[in-house]
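Structure first, then comments.
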Amino acid sequence: MEKITVDQARKAEAVGRQACLQGWVRTRRDSKGGFSFLELNDGSCMANIQVIADGDLPNYESEVKTLTAGSSIAVEGEIKASSGKGQATELHASRLHVYGLADPETYPLQKKRHSFEKLREWAHLRPRTNTFGAVMRVRNRVCRSIHDFFQNAGFLYVHTPIITASDCEGAGEMFKVTTLDLDKLPRDGQNKIDFKQDFFDRPAYLTVSGQLEAEIFACALGKVYTFGPTFRAENSNTSRHLAEFWMVEPEMAFFDLEDNMELAEKFLKTIFRDVLNDCGEDLAFFNERVDDTVLPTLEKIVAADFVRISYTDAIACLEKNNASFDYPVSWGVDLQSEHERFLAETEFGCPVIVHDYPRTIKPFYMRANDDGRTVRAMDVLAPKVGEIIGGSQREERLDILEQRMGEQDLNPADYWWYLELRKYGTVPHAGFGLGLERVVQFITGMTNIRDVIPFPRTPGSAEF
């Protein structure tokens, strides 16, 4: 018997096929006529398929009538056209096998609706809910779109290390990696921890970004991207922060800031267009149940050009509305989420690319402008979430890069290999980073970033 998915079985062209479906029971309703209606879902799509289990099945009384929400089964039979409302097909069972029952007294995913916060306690079960099944299907489509976009544009996929000795952002909020015995830490002559006895012979950390390593390959192979997990040891419990999250980071040789902004806009529009084309059922669910602006927002972004504005002009715009902000703005401060959202939602009503930020609030690797005050940085701001992409043209001039390191109290010896890229055939280059969870959160309208990643890692939370 051919095994197919619920998504395949729901299509009109499946009528007449003999097939086997496997999944989890959502509901069972018994008829007085001696048969039962089962709603079956296997995660391949939002909707269930109706299974009609006749009382003539050998295990009808002993097993079929014991099925409850969460039970796992395999059903063989013929797919027929359905006269039921909202469904094109249904499966008439000729055989039903029970893999596992779910105790209705203890199974938490009954008809009662639970808060998203409560569902985080059941991270092993929440993918079975409509919301989190839809989130994961959208997340999967976004990941596929990311790879398709860069592969089609001639980029090479590079795997950068998760363990690093370099702090890309200079923020110091990194998880340490060590094999030292924490109860008996070795000390040197100055009573400092002797990392010479550690596995890597020096302090090591979980990476906050693959950018610096990606630059190495961009300066040899032209256009590359890295896509993988990154980590921040930031003690934050907000709805926008995770300790472990996924980043896609392209780096392009011979690109300037204008090229970078153009690529970022095209990249986001491609992702949104792909999700609109392929995740219609899931997006309709989010638009109905979570945020009724999801669909019109995505459609508007795909159709419109992004606004580009300098940081200086953005500050001038925001200063006119300082009275409405919790954090007043002035030239030289970093933009808060409320400022970013004001620009994208209220002032322009579309994504905004802010560029040329003050050099004092940006990392050492961003190319300095001739004005001595700003760097060739850019942030793409989106409605509802604020910053969704951050990037810059990279500093390719050795002397200025060393000067910038000095301004931020970084030891050039720790970045000797990064500096050598500027000594041997340096080129203008640029890149940006997109947080996967941020973009999934934006697409789905989910308000908490912990609900768009399978197993959220936050302060005090690493159980699953």
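Would you confirm whether any residue within the range 375-396 is out of contact with any strand residue (DSSP E or B) (no Cβ under 8 Å at 6 or more places or on another chain) and assigned to a helix (DSSP H, G or I)?
no
Considering only the range 303-315, how many residues are surrounded by 14 or more Cβ atoms within 10 Å (Cβ to Cβ) and in a helix (DSSP H, G or I)?
Of the residues in that region, 4 qualify.
Let's see how each residue does on (1) modelled with pLDDT under 95; (2) at negative phi; (3) among the β-branched types (Val, Ile, Thr); (4) under 25 Å from the mean Cα position of the chain (by Cα):
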position	(1), (2), (3), (4)
His339	no, yes, no, yes
Leu343	no, yes, no, yes
Tyr357	no, yes, no, no
Arg376	no, yes, no, no
Val380	no, yes, yes, yes
Glu387	yes, yes, no, yes
Gly390	no, yes, no, yes
Glu396	no, yes, no, no
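What about Thr164, is it free of Cβ contacts under 8 Å to residues at least 60 places away in the same chain, β-branched (Val, Ile, Thr), crowded, with 20+ Cβ neighbours inside 10 Å and out of contact with any Asp or Glu (no Cβ under 7 Å at 6 or more places or on another chain)? Outline the logic, then answer.
Working: free of Cβ contacts under 8 Å to residues at least 60 places away in the same chain: yes; β-branched (Val, Ile, Thr): yes; crowded, with 20+ Cβ neighbours inside 10 Å: yes; out of contact with any Asp or Glu (no Cβ under 7 Å at 6 or more places or on another chain): yes.
Judged against the criteria, Thr164 is a match.
Among the listed residues Tyr365, Tyr327, which satisfies the condition of being modelled with pLDDT of 95 or more and farther than 24 Å from Phe442 by Cβ?
On the way: Tyr327 fails: farther than 24 Å from Phe442 by Cβ.
None of the other options fit; the residue is Tyr365.
All but one of (1) assigned to a loop (DSSP other than H, G, I, E, B); (2) over 28 Å from the mean Cα position of the chain (by Cα); (3) not basic (Lys, Arg) hold for Leu318, so report the exception by its number.
Condition not satisfied by Leu318: (1).
Among the residues of the range 88-105, is any among the polar types (S, T, N, Q) and within 23 Å of Cys279 (Cβ to Cβ)? Can you show your working first?
Taking the range 88-105 and keeping what is among the polar types (S, T, N, Q), we get 89, 94.
If we keep only those that are within 23 Å of Cys279 (Cβ to Cβ) as well, we get 89.
Among the residues of the range 88-105, at least one is among the polar types (S, T, N, Q) and within 23 Å of Cys279 (Cβ to Cβ), which makes the answer yes.
Gly406 versus (1) exposed (fewer than 14 other Cβ atoms within 10 Å of the Cβ); (2) in contact (Cβ under 8 Å) with a residue 24 or more places away in the chain: which is the lone unmet condition?
(2)
Just checking, does the range 24-43 include any residue being within 38 Å of the chain's Cα centre (by Cα) and either modelled with pLDDT under 95 or assigned to a loop (DSSP other than H, G, I, E, B) (or both)?
Taking every residue of the range 24-43 in turn, at least one turns out to be within 38 Å of the chain's Cα centre (by Cα) and either modelled with pLDDT under 95 or assigned to a loop (DSSP other than H, G, I, E, B) (or both).
Since Asn48 meets every condition but one in (1) surrounded by 18 or more Cβ atoms within 10 Å (Cβ to Cβ); (2) over 15 Å from Val6 (Cβ atoms), which condition does it not meet?
(2)
Looking only at the range 157-200, how many residues end up being at positive phi and modelled with pLDDT of 90 or more?
We begin by selecting, within the range 157-200, every residue at positive phi; these are 170, 172, 191.
Add one more test, that the residue is modelled with pLDDT of 90 or more, and what stays is 191.
Residues in the range 157-200 being at positive phi and modelled with pLDDT of 90 or more: 1 in total.
In the range 236-270, how many are of a type in the set (A, V, I, L, M, F, W, C), more than 23 Å from Phe217 (Cβ to Cβ) and part of a helix (DSSP H, G or I)? Give the steps one after another, and end with the answer.
Taking the range 236-270 first, the residues of a type in the set (A, V, I, L, M, F, W, C) are 242-243, 245-248, 252-255, 257, 261, 263-264, 267-268.
Right, trim to more than 23 Å from Phe217 (Cβ to Cβ) and you get 242-243, 268.
Imposing the further condition that a residue be part of a helix (DSSP H, G or I) reduces the set to 268.
Residues that pass the stated criteria total 1.
Looking at the range 217-247, which of its residues are among the β-branched types (Val, Ile, Thr) and either under 18 Å from Leu381 (Cβ atoms) or touching a Cys at 6+ places or on another chain (Cβ under 6 Å) (or both)? Break it down into steps so the answer makes sense when it comes.
Residues of the range 217-247 among the β-branched types (Val, Ile, Thr): 224, 226, 230, 238.
Matches in the range 217-247: Thr238 only.
Which one of these is within 29 Å of Cys143 (Cα to Cα), in a loop (DSSP other than H, G, I, E, B), touching a residue at least 60 places away in the same chain (Cβ under 8 Å) and not assigned by TED's automatic domain parsing to the domain that holds Ser44: Asp282, Asp291?
Selected residue: Asp291, the only one of Asp282, Asp291 that is within 29 Å of Cys143 (Cα to Cα), in a loop (DSSP other than H, G, I, E, B), touching a residue at least 60 places away in the same chain (Cβ under 8 Å) and not assigned by TED's automatic domain parsing to the domain that holds Ser44.
The values are calculated or read from the model by the stated rules, or taken from the named source; none is laboratory data. Quick caveat: nothing in here was measured; it's all calculated off a predicted structure. Note: ideal-geometry Cβ built from the backbone for every residue, glycine included; neighbour counts use all protein chains shown.
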